[in-house]
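For reference, the structure discussed in these notes is given below.
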């Protein structure tokens with residue numbers, strides 16, 4: 001019996017997410033494939049399709065809005081935060097990362113993550129170049145091509161998150177090469193471990209609904225390693241490096257917020273009650289984080305800034321990503337409040353204390369927020385806190401340990417492999433432009449154009 005990985009994932013989500021550990025629809029789907037009376041080779045015309053038009057329509061929309069998060073959402077969010085002489089470099093980096101990772105995903109990425117291997121660490125070579133996938137291929141209740149495209153958008157946006165840490169000081173070619181290597185050796189293995197039915201974290205029962213480990217901890221750790229290895233921007237601490245357009249940043253943050261509903265609610269891989277839970281938690285956690293960040297900023301600095309509000313928004317979205325389908329709406333508020341406060345202190349105090357130049361606070365928000373969300377999912381998923389509860393025989397303590405272990409492995413793998421990849425790129429291409437090129441700005445020196453004409 002060959003049950004699609006996405007159906008197994010949906011089953012576990014439904015079983016855990018129901019709180020009753022019994023989803024008749026999913027169990028019926030398993031029973032249909034497993035029934036002993038069914039012939040081993042049933043005629044094609046006798047096969048019953050599991051496709052659901054409502055699920056498919058929702059996943060098509062989710063896929064498009066996750067792409068919208070990257071282009072133009074993340075591009076504008078980051079673009080507004082850099083100096084005017086570097087905005088086009090950020091926009092172009094986001095654009096090219098989408099293009100190259102889209103191709104990589106089709107050629108080998110999907111196979112490495114979801115290729116059917118029984119290895120707990122990677123998906124194997126079984127679906128290189130999407131071999132064997134046709135318009136009739138099914139992945140649970142949706143066409144496999146839709147599942148491939150949805151997961152592709154995740155693979156595209158994750159390395160794009162990293163560039164915020166070393167914005168304004170890395171060669172364009174180096175960004176592209178690093179992104180290809182990084183998704184191959186860091187993102188795809190962690191995606192397999194967390195989301196494939198044979199994956200290490202999945203087998204442990206780790207709760208990672210939409211990518212706390214895969215997307216946010218992964219990118220945040222790579223960002224921190226890059227900021228340290230690449231070094232500070234020329235003139236850091238001496239020149240004014242304030243964001244050149246906070247309105248662009250707010251527009252980008254709002255687009256990210258909108259797209260996150262596809263990111264989180266789409267990760268149910270269906271249109272059902274779990275989808276609705278993920279949607280409302282995306283609202284409540286984000287609201288809690290905006291309030292938490294703004295309140296603590298008002299207490300510490302005397303004023304609540306718009307940049308702080310936008311940063312709190314992203315912190316809440318990050319923290320709820322792993323938790324979206326497992327906690328209750330009130331738990332979402334609590335999670336958001338905690339993430340907003342903790343991420344504020346990392347961005348405002350910890351970074352300054354250690355002296356690294358994480359230009360756009362990728363680690364302080366995505367890394368720290370992802371860690372908070374992944375670990376607290378193990379607590380707030382408890383029915384005692386309004387969550388959906390745990391699988392049979394699982395306690396809060398054992399679930400919390402599972403969450404911590406998955407986080408720890410993601411961090412260690414990300415630190416070691418990312419550091420090696422930065423060094424490889426530095427040897428092949430060189431990471432940094434010259435001091436003169438950096439001073440002039442990457443828009444002119446890398447792309448030969450300027451964003452604004454006086």
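The values are calculated or read from the model by the stated rules, or taken from the named source; none is laboratory data. Keep in mind that this is a model prediction, so the values were computed, not measured. Quick reminder, even Gly has a Cβ in these numbers, built from the backbone with ideal geometry, and neighbours come from all protein chains shown.
When restricted to residues that are over 24 Å from residue 321 (Cβ atoms) and buried (at least 24 other Cβ atoms within 10 Å of the Cβ), region 176-199 contains 0. Residues in region 133-155 that are assigned to a loop (DSSP other than H, G, I, E, B) and touching a residue at least 24 places away in the same chain (Cβ under 8 Å): 140, 141.
A single entry from 315, 352, 319 fulfils the requirement of being modelled with pLDDT under 95 and closer than 29 Å to residue 228 by Cα: 352.
Quick one: which helices (runs of 4 or more DSSP H) lie wholly within region 14-132 and hold at least 2 residues that are crowded, with 17+ Cβ neighbours inside 10 Å, in contact with a helix residue (DSSP H, G or I) (Cβ under 7 Å, 6 or more places away or on another chain) and at pLDDT 95 or above?
Numbers: elements: 24-34, 53-68, 75-81, 87-104, 110-114.
Passing ranges, in order: 53-68, 75-81, 87-104, 110-114.
Identification of helices (runs of 4 or more DSSP H) wholly contained in region 250-363 with 1 or more residues that are free of Cβ contacts under 8 Å to residues at least 24 places away in the same chain and within 27 Å of residue 201 (Cα to Cα) yields 273-301.
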